[in-house]
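The values are calculated or read from the model by the stated rules, or taken from the named source; none is laboratory data. Keep in mind that what you see is a predicted model, and the values were worked out from it rather than measured. Using ideal geometry, Cβ is built from the backbone for each residue, glycine included, and neighbour counts are taken over all protein chains shown.
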Amino acid sequence: MKSTTLQRREFLKYAGILGTLPFVSNLTGTGKLLASGKVANFGKDLVVNGDVLTAAHWGALRVTMKNGKVVKSTRYFTKINNIYNPLQHYTADMVYRTRISYPMIRKSYYENFYKNPSGIRGDLRGRDEWVRVPFDVAIKYAADSIKRVVNKYGNEGIYGGSYGWQSAAKLHSASTLLKRFLGTIGGFTDGIGDFSTGAGQVICAHVLGTLEVYEQQTSWNLVLKDTKNVVIWGMNPFATNRLAYSPSDETGLMNFKKLADAQRAGKINIIYIDPVYNETAKFLKVKRDKHHHIQLTQQTDVPFMLGMAYHMIKTGKYDKAFLETYTTGFDKFEAYVLGKSDGVAKTPEWASKICGISPQVIKDTALTLYGARTMLMSGWCIQRQDHGEQPYWMVITLACMIGQIGLSGGGFGFSYHTYNGGNPTCTAPVVGGMGTHCNIAPSGKWGSRKPVSSAIPVVRVPDCILNPGKVIEYNGHTIKYPKIGMIYWSGGNPVNQQQNLNKNLKAWRKVDTVIVNDPYWTASARMADIVFPITTSYERNDIAMTGEYSNSFIVPMKQCVEPWRESIDDYDVFYALSKEFGTGDAFSDKNKSKEAWLRGFYAQALEQAKPMLLTLPDFDKFWSDNKALPFVASEESKNFIRYKEFRDDPILSPLGTPSGLIEIYSEEIAAMKYKDCPGHPTWMEPYEWQGNKTAEAPFSMVSPHPRYRLHSQMGNATLRKKYAINGRDPIWINNKDAKRLGIKNGDVVRVFNKRGQVLAGAKVTKDIKSGTVRLTEGAWYTPDDRDKRRDGTMCINGNPNPLTTDRPASKLSNGNMANTALVNIEKYKEKAPRVYVFDEIKPSKIVGKKA
Ligand SMILES: Nc1nc2c(c(=O)[nH]1)N[C@H]1C(S)=C(S)[C@@H](COP(=O)(O)OP(=O)(O)OC[C@H]3O[C@@H](n4cnc5c(=O)[nH]c(N)nc54)[C@H](O)[C@@H]3O)O[C@H]1N2
Ligand SMILES: Nc1nc2c(c(=O)[nH]1)N[C@H]1C(S)=C(S)[C@@H](COP(=O)(O)OP(=O)(O)OC[C@H]3O[C@@H](n4cnc5c(=O)[nH]c(N)nc54)[C@H](O)[C@@H]3O)O[C@H]1N2
Ligand SMILES: [Mo]
């Protein structure tokens, strides 16, 4: 460790000199100077006036500083993307609005935790007063509450799954840091799967032997060259490709723009399948006739496809050779389609009655897709539904019948719409990152405990908290819910984002302790007992790699401003906590500095670069150069075809399935005997859909991802003015439906069902199918504060989750079904209250010397 001190000193010297050198960006930007002052070095010498390079989920950013304040932020990759992305322009709001300024403890919790533990009043979460405390007091409360929970319930009593869209960087990865800390003291209950692709990833693992949803796609170059039919299936890349989990490489939208050009030139035929004519449809200028916009009834993609399959079988227009060579179980599926196994022939007429698309269009579409090179591009929304496995299994089966999987520009793709799938993978080393594994084994009383292994599917967290001991089925085995006494969340906003919000609130009010780390007063922070004010990524140094699949740049994420008030890095919170348990050395790798961590991550890239024959600058030069380090894609990678190796030789390159083939019938799944997921793609009516609508709840609600936010993130930015209607989130309603209900554009409406109620602003439009409404996810949950009960109360800002259900998509995946919800809607006649939730919460009491 002695070299760290030396290194640091040398580094400061070096950075000091180089920091004054100007740089000219070549590949990426406009060639303007990025830093007029000294290059930021780890919290010192911040740029006071000038531009700083950093990154966020929405790409690398050029942040302009004036007198030490963020005044502007714009795109850094100006040569890669020229489509305006509003998310890139609101950094100042993210630094200065709705911040948590100090460590805070909920009043009843603060007053009773030591003296009278039964008096902490979990029921007051979300409506109690707050006490501002010094950091060390908050740490003491947090450490003692963890000890108390472990004594009472064991380590599995801590829910530390902490899922969420934290910062896109390598070091300050909030949930990883939490898990790393909890790992040093005997473990915690973790989450399984995710919200994005809960059903899709599980079914694909059985059918294709890989998660599929997070894989590189056939190169866009080949799609634009060889594909004749591009099917845009339930996706909205104009919104979802505005960002990625890693900082975005920003190529996706430009490729969709080329797709629009190819359509205009008559080279590519776009077929668009969605109950909504969304922003992407407008961007692509999708033709509004019945063969190009297939506006089916929501959640009926499976019968639509079954009708096509029937027609293909009956006309012999399907690829028997492909099915024979590369798949298993088509015979069983065929028997189902023809009605031999269940007595119901899945004719286009049968399908039409369910999905609302005419038999002729079903037949024509089948023959169009079979008749030319076809790429079925699907988003993830169609699997965020009841039985969400089936649409994906059916898209794959349809692609098998078309027979072009593994050919240039043919097959299917589940990642073109976000993360920029199809942008070729560069020859690049990968930067290391913070991990949950510690190099130094934890020791001492806490460190030597054997870590528990306990995990539940993420969507089941509230159900687990409310029903400890309950046994659920999951993917062929059973899970017994642990007894959860504490929720610790860092890097997500689950109160806002989990389905069935009112049930979720009940769960959060039931546990002994809730701790939340977040920069902002989110719905989750408001429901906590102890809140740590966390720095934003603009207040710390970090490193990132752009592109989930492309690895196109290594970007320094430089600190722009001093930490806001008493906010602190997650790293420091968890380091301080681990010291309370005697595991600080394991957590921090013996007090390694943040700079040393970053150097270590970069060193891993340097190591990997050697056998690739790539010459990279050393860390000091990389950091002081102040630019993104580019990598280049090989010709081979530009011509990447997904599943080509399998197609070329299925014996030598089998899939990771039991048969090595694509499993149209899965023996493994069939053996589980789940009624909600039989052995081949099957139509099962969703829990709630147009087919079982009632007078109380006649509309299907979709809650897709917001174009102007990342879930709840940026919901507090002034960007809100661009989309809010009458001060709340917009709900799209069909013009005929609106007329019938006396709802006008701009009206405040009440949307409600048996689970909850919300207010939203009506956007009356012909761009949504009659019977469907669209309320995007992520509006900041704002309970009506005129209602003191708060349980089941109305959200006055338009968050869809009081209306959604937390039922699992099936026993197989336990995925979420956010898009399975029937609701009612009416004009709201009372005066709608102001959305107060963006105001900073002020403490009613201040404790300690710092105050
Ligand atoms: N109705 C409906 N609900 C949905 C969905 C839907 O389609 N419909 N989609 C679901 C999906 S796919 C997803 S992925 C989830 C997303 O759910 P989440 O990931 O929980 O949503 P975010 O709003 O992105 O929450 C991230 C939180 O991390 C905080 N944060 C950012 N940086 C840091 C940091 O450095 N440290 C700490 N401690 N915190 C930080 C942000 O302030 C924010 O509060 O939502 C799900 N919910
Ligand atoms: N700007 C922005 N980008 C994001 C995110 C964000 O919050 N904001 N979130 C990111 C995350 S975590 C995820 S998981 C992805 C989500 O990516 P997706 O899940 O693909 O996106 P969604 O917006 O939920 O839905 C896409 C489309 O599906 C349609 N749809 C709904 N129901 C049906 C149906 O039954 N049939 C058909 N055919 N279509 C249907 C919707 O109308 C919508 O147009 O986006 C990522 N990108
Ligand atoms: Mo997601």
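Of everything listed in (1) closer than 22 Å to N541 by Cα; (2) part of a strand (DSSP E or B), the single unmet condition for I105 is (1). Residues that are away from ligand 2 (no atom under 16 Å from the Cβ) and modelled with pLDDT of 95 or more are absent from segment 236-248 altogether. Restricting attention to segment 322-334, does a residue exist that is within 31 Å of the chain's Cα centre (by Cα), surrounded by 21 or more Cβ atoms within 10 Å (Cβ to Cβ) and either of a type in the set (D, E, K, R) or more than 16 Å from ligand 1 (Cβ to nearest atom) (or both)? Within segment 322-334, none of the residues are within 31 Å of the chain's Cα centre (by Cα), surrounded by 21 or more Cβ atoms within 10 Å (Cβ to Cβ) and either of a type in the set (D, E, K, R) or more than 16 Å from ligand 1 (Cβ to nearest atom) (or both).
Would you tally the residues in segment 66-98 being of a type in the set (A, V, I, L, M), assigned to a strand (DSSP E or B) and buried (at least 22 other Cβ atoms within 10 Å of the Cβ)? Result for segment 66-98: 0. Output yes when any residue across segment 496-513 is among the aromatic types (F, W, Y), in contact with a helix residue (DSSP H, G or I) (Cβ under 9 Å, 6 or more places away or on another chain), farther than 30 Å from R599 by Cβ and at pLDDT 95 or above, and no when none is. Looking for residues that are among the aromatic types (F, W, Y), in contact with a helix residue (DSSP H, G or I) (Cβ under 9 Å, 6 or more places away or on another chain), farther than 30 Å from R599 by Cβ and at pLDDT 95 or above, one finds at least one in segment 496-513, hence yes. Residues that are touching a strand residue (DSSP E or B) at 6+ places or on another chain (Cβ under 7 Å) and more than 22 Å from I725 (Cα to Cα) within segment 809-843 comprise K811, N814, N819, A821, L822, E840, I841, P843, listed in sequence order. A search for C-beta distances below 6 Å between a residue of segment 175-196 that is in contact (Cβ under 8 Å) with a residue 24 or more places away in the chain and closer than 17 Å to N814 by Cα and any residue that is within 14 Å of ligand 3 (Cβ to nearest atom) and among the aromatic types (F, W, Y), counting only pairs 6+ apart in sequence or on different chains, returns G191/Y163; S196/W380. Reported count of residues in segment 364-378, each being buried (at least 24 other Cβ atoms within 10 Å of the Cβ) and either within 11 Å of ligand 2 (Cβ to nearest atom) or among the hydroxyl-bearing types (S, T, Y) (or both), is 4.
Residues in segment 201-249 that are within 16 Å of ligand 3 (Cβ to nearest atom) and among the aromatic types (F, W, Y): Y214, Y245. Residues that are outside any helix (DSSP H, G or I), over 27 Å from G59 (Cα atoms) and within 16 Å of ligand 1 (Cβ to nearest atom) within segment 135-187 comprise Y159, G160, listed in sequence order.
The set of residues from segment 800-851 being surrounded by 14 or more Cβ atoms within 10 Å (Cβ to Cβ) and without any contact (Cβ under 8 Å) to a residue 60 or more places away in the chain comprises just one member, P833. Restricting attention to segment 562-574, the residues that are surrounded by fewer than 24 Cβ atoms within 10 Å (Cβ to Cβ) and either over 27 Å from the mean Cα position of the chain (by Cα) or closer than 15 Å to P134 by Cβ (or both) add up to 6. With in contact (Cβ under 8 Å) with a residue 40 or more places away in the chain, surrounded by 18 or more Cβ atoms within 10 Å (Cβ to Cβ) and touching a strand residue (DSSP E or B) at 6+ places or on another chain (Cβ under 9 Å) as the only criterion, which of G406, G410 stands out? Testing whether each residue is in contact (Cβ under 8 Å) with a residue 40 or more places away in the chain, surrounded by 18 or more Cβ atoms within 10 Å (Cβ to Cβ) and touching a strand residue (DSSP E or B) at 6+ places or on another chain (Cβ under 9 Å) leaves just G410. Scan segment 792-809 and give yes if some residue there is more than 16 Å from ligand 2 (Cβ to nearest atom), more than 22 Å from G746 (Cα to Cα) and among the small types (G, A, S), otherwise no. Yes - at least one qualifying residue is present in segment 792-809. Out of curiosity, is K736 surrounded by fewer than 18 Cβ atoms within 10 Å (Cβ to Cβ) and either polar (S, T, N, Q) or outside any loop (DSSP other than H, G, I, E, B) (or both)? Judged against the criteria, K736 is a match. When restricted to residues that are within 16 Å of ligand 2 (Cβ to nearest atom), buried (at least 23 other Cβ atoms within 10 Å of the Cβ) and of a type outside the set (F, W, Y), segment 180-196 contains 1.
The rows are residues; the columns are (1) buried (at least 18 other Cβ atoms within 10 Å of the Cβ); (2) part of a loop (DSSP other than H, G, I, E, B); (3) within 16 Å of ligand 3 (Cβ to nearest atom); (4) more than 26 Å from the chain's Cα centre (by Cα).
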site: A695; (1), (2), (3), (4): no, yes, no, yes
site: S700; (1), (2), (3), (4): yes, no, no, no
site: H705; (1), (2), (3), (4): yes, yes, yes, no
site: K721; (1), (2), (3), (4): no, no, no, no
site: K763; (1), (2), (3), (4): yes, no, no, no
site: R774; (1), (2), (3), (4): yes, no, no, no
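Quick grid of which residues meet (1) within 17 Å of N801 (Cα to Cα); (2) touching a Phe, Trp or Tyr at 6+ places or on another chain (Cβ under 6 Å); (3) surrounded by fewer than 24 Cβ atoms within 10 Å (Cβ to Cβ):
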position	(1), (2), (3)
S443	no, no, yes
A455	no, no, yes
P468	no, yes, yes
H477	no, no, yes
Q497	yes, no, no
N504	yes, no, no
D518	no, no, no
R540	no, no, no
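Condition check: away from ligand 2 (no atom under 13 Å from the Cβ), modelled with pLDDT of 95 or more and part of a loop (DSSP other than H, G, I, E, B). Does A670 satisfy that? Against the criterion (away from ligand 2 (no atom under 13 Å from the Cβ), modelled with pLDDT of 95 or more and part of a loop (DSSP other than H, G, I, E, B)), A670 does not qualify. Quick one: how many residues across segment 220-241 are part of a loop (DSSP other than H, G, I, E, B) and in contact with a helix residue (DSSP H, G or I) (Cβ under 6 Å, 6 or more places away or on another chain)? The total comes to 3.
If the Cβ limit is 6 Å and pairs must be 6+ apart or interchain, which residue in segment 418-447 that is farther than 27 Å from G582 by Cβ pairs with which residue that is β-branched (V, I, T)? Pairs that qualify, where the first residue is farther than 27 Å from G582 by Cβ and the partner is β-branched (V, I, T), are T418/T240; N420/T251; N423/T251; C426/V632; V431/I543; V431/I554.
Let's see how each residue does on (1) in contact with a strand residue (DSSP E or B) (Cβ under 6 Å, 6 or more places away or on another chain); (2) touching a residue at least 40 places away in the same chain (Cβ under 8 Å); (3) more than 29 Å from M545 (Cβ to Cβ):
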{"residue": "A586", "(1), (2), (3)": "no, yes, no"}
{"residue": "K610", "(1), (2), (3)": "no, no, no"}
{"residue": "L616", "(1), (2), (3)": "no, yes, no"}
{"residue": "N639", "(1), (2), (3)": "no, yes, no"}
{"residue": "A670", "(1), (2), (3)": "no, no, yes"}
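When residues in segment 188-198 are screened for being within 16 Å of ligand 3 (Cβ to nearest atom), among the hydroxyl-bearing types (S, T, Y) and in a strand (DSSP E or B), 0 of them pass. Checked against the criterion of being away from ligand 1 (no atom under 12 Å from the Cβ), assigned to a loop (DSSP other than H, G, I, E, B) and out of contact with any strand residue (DSSP E or B) (no Cβ under 8 Å at 6 or more places or on another chain), the candidates K506, K483 yield just one match: K483.
The C-beta contact set for segment 289-311 (first residue farther than 20 Å from D331 by Cα, second residue within 16 Å of ligand 3 (Cβ to nearest atom), distance under 6 angstrom, 6+ apart or interchain) comprises Q299/Q385; D301/I382.
For the residues D386, D342, the requirement of being crowded, with 22+ Cβ neighbours inside 10 Å and either at positive phi or part of a loop (DSSP other than H, G, I, E, B) (or both) singles out D386. Tell me yes or no: at least one residue of segment 611-624 is under 22 Å from M434 (Cα atoms), surrounded by 20 or more Cβ atoms within 10 Å (Cβ to Cβ) and within 28 Å of the chain's Cα centre (by Cα). No, segment 611-624 contains no residue that is under 22 Å from M434 (Cα atoms), surrounded by 20 or more Cβ atoms within 10 Å (Cβ to Cβ) and within 28 Å of the chain's Cα centre (by Cα).
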